[in-house]
C-alpha cells in the first residue's frame, strides 16, 4: 500500500484538486519534451538522408508523411478514446472499469497494428502513385513505407500504452522511453545509412527498431505497475461495451485526423507537381514546423486528460479554467516557437540540404505555416476540451467542413486559377482561423449547458 502511494506521488498528478496552472505545466512539459525529442530523432533521419543520400531520397522520405498520417490516424484516434475513458474512470475511482478499459485498449492496439501492416504493403504504393509522386522518387518512397509499416504493431502498442499513462497523469515515463528509443534510432541511422550505405531502407529499418524498443518499454511499465491500470498479459481481452465506448469517442477523433490528412495529401500532391526540388524544400520545412506543432499539440493532449478526469469527478467548473489556461499557454507557445523557427529558417533548413533552391522553397512554406501556427494550436486545444467531455463527433464534423472541405474547394478553385505555392500554403492559416472560431462556439455552448444542468441538479 505504501509502495502504491509512493508511486502515485512520484508519477501521477492529481488533476481534480488544487491549483491548475502548475499541474498543467508539470503534465505538459514532459509531454512536450517527448514530442520534441521524437521529432529531433526524426529530423536526424531527414538530415542523414539529405546529406548522405541526396535530395531525391529526402523528397522520398518526406513525401510519405502525409500518406502515413492518413493511413494511421484512424487507428491512432482510438487511443484518444482510450485516453478519455481511462481518465474518466481514474477520476471517478472506478477501478474495475479502468482495468477492463486498459486490457481492451492494449489488445485492440495490437490488432490495429497487424491490419496496418497489410494496408501499408498493399495500399501505400498505389496511393503514392495516385499522389503524383515523381518516378525518380517513387521507388524509394515505396521501399521506405513498406519497411516503416512492418513495425506498426509496435507503434500502435506504444501509442495506446502512452495514452493510458497520460490519462492518469504520468507523462514522465513516456519521455524516458522515447529518449532511449530515439538515441538508438539515431545510432542505427548512422550505422545503416553511412556505415552500410543502405540509403532509405536503412532509415526505415532504424525507425522500425526504435518503435519496437519504445513499445517494449511501455508494456513493461504497465505490467510492473501496482495501480488499477496494471496490465496483466494473461488477462488480455476485449470487453465489448468498452470497445464500443472507445470507438464512439475514438473513431470520430481518428476520422478527424484522417480528414486533415486527406487535405494534406491533396496539398502534397499539388506540391509534387512543382518537382523534386520543391518536394525536398517542402519536406524539410514540414519537418521543422513539426516541432512547433508537436509542442502545441501537447496542450490538446493535456486538455483531454485534465477535462476527462474532472468530467468523471463531476467538477465542471474546473473544466472552464482548464480550457482558459490551455488556450493561453498554446497561444504563447505557438507565437514564440512558430516565429522563432521562421526567423532561424535559413540556418535550420541548411542542415537538411545545402542546395539554395531547396532552402528557398522551404522558407516559403515556413512563412505561411509557422508564423500563424498558434491558430492551429488553439483549434486543436479546443478540440481536446470537447473530447475530454466525451464529444467527438461534433469536432469531427466541424473539422470536416472547416479544414478538409475548405482546402479541397480552395485547391480546385483559387489554386487552380493561380497555381503558385503561395496560393497553396495560405489555405492553411485561413482554415485554422475559421475552424478554431467554430470550435470555440461549440465548446462554450456545451460547457455552459453542462454547468447549468449541474446547478439544477444541485438545487
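Every number here is computed from the coordinates shown, using simple stated rules; none is lab data. Everything numeric here is computed off the predicted structure, so don't read it as measured data. Reconstructed Cβ throughout: ideal geometry from the backbone, glycine too, with neighbour counts over all protein chains shown.
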To the nearest 10 degrees, the tilt of helix 316-343 (Cα long axis) against the first principal axis of the alpha carbons of the chain is 20 degrees
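Work out how much length residue 393 to residue 40 would gain on full extension: take 0.36 nm times their residue separation and subtract the Cα-Cα distance, in nm to one decimal.
Working: separation 353, 0.36 × 353 = 127.08 nm, distance 3.32 nm.
Full-extension gain reported as 123.8 nm.
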So for R0 = 30 Å, FRET eff. of residue 444-residue 241 from the Cβ-Cβ r, to 0.05, ends up at 0.45
With a Förster distance of 35 angstrom and the Cβ-Cβ distance between residue 437 and residue 417, calculated FRET efficiency to the nearest 0.05 equals 0.85
In degrees, nearest 10, the alpha-carbon axis of helix 152-167 is tilted away from the dominant principal axis of the alpha carbons of the chain by 40 degrees
Contact order relative to length for segment 18-458, counting C-alpha pairs under 8 Å separated by 6 or more residues, stands in percent at 23 percent
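Among rounded, prolate and oblate, which fits segment 190-340 when a ≥ b ≥ c are the square roots of the eigenvalues of its C-alpha gyration tensor, a/c under 1.5 means rounded, and a/b larger than b/c means prolate? The partial results should precede the final answer.
Values: a/c = 1.95, a/b = 1.29, b/c = 1.51.
Oblate, because a/c is 1.5 or more while a/b does not exceed b/c.
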Length gained if residue 344 through residue 190 is fully extended, taking 0.36 nm per residue and subtracting the Cα-Cα distance, is 52.8 nm
Taking 0.36 nm per residue of separation between residue 224 and residue 209 and subtracting their Cα-Cα distance, the length gained on full extension comes to 3.1 nm
Using alpha carbon centers only, segment 389-459 is separated from segment 182-210 by a whole-angstrom value of 39 Å
So the angle from the long Cα axis of helix 172-189 to the longest Cα principal axis of the chain, reported in degrees to the nearest 10, equals 20 degrees
Of the convex hull drawn through the C-alpha atoms of segment 18-458, the volume per residue in Å³ is 126 Å³
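From the helices alone, meaning DSSP H stretches of at least four residues, give me the mean residue ellipticity at 222 nm for the chain, per-run term -39500 (n - 2.57), in deg cm²/dmol to the nearest 500. Walk me through the numbers before you get to the answer.
Values: 20 runs with 373 residues, N = 459.
Result for the chain, helices only: -27500 deg cm²/dmol.
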Most packed first (mean Cβ within 10 Å per residue), the peptides 401-409, 227-235, 173-181 order as 173-181, 401-409, 227-235
At the level of C-alpha centres, the distance separating segment 237-276 and segment 68-108, in angstrom, is 17 Å
Between the alpha carbon centres of segment 112-147 and segment 285-361 the gap in Å comes to 29 Å
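What is segment 326-444 by shape, rounded, prolate or oblate, if you read a ≥ b ≥ c off the alpha carbon gyration tensor as root eigenvalues and call it rounded for a/c under 1.5, prolate for a/b larger than b/c, and oblate otherwise? Walk me through the numbers before you get to the answer.
Values: a/c = 3.02, a/b = 1.45, b/c = 2.08.
Since a/c reaches 1.5 but b/c is at least a/b, the shape of segment 326-444 is classed as oblate.
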Cβ density ranking, 10 Å radius, fewest first, applied to 314, 241, 439, 103 yields 241, 314, 103, 439
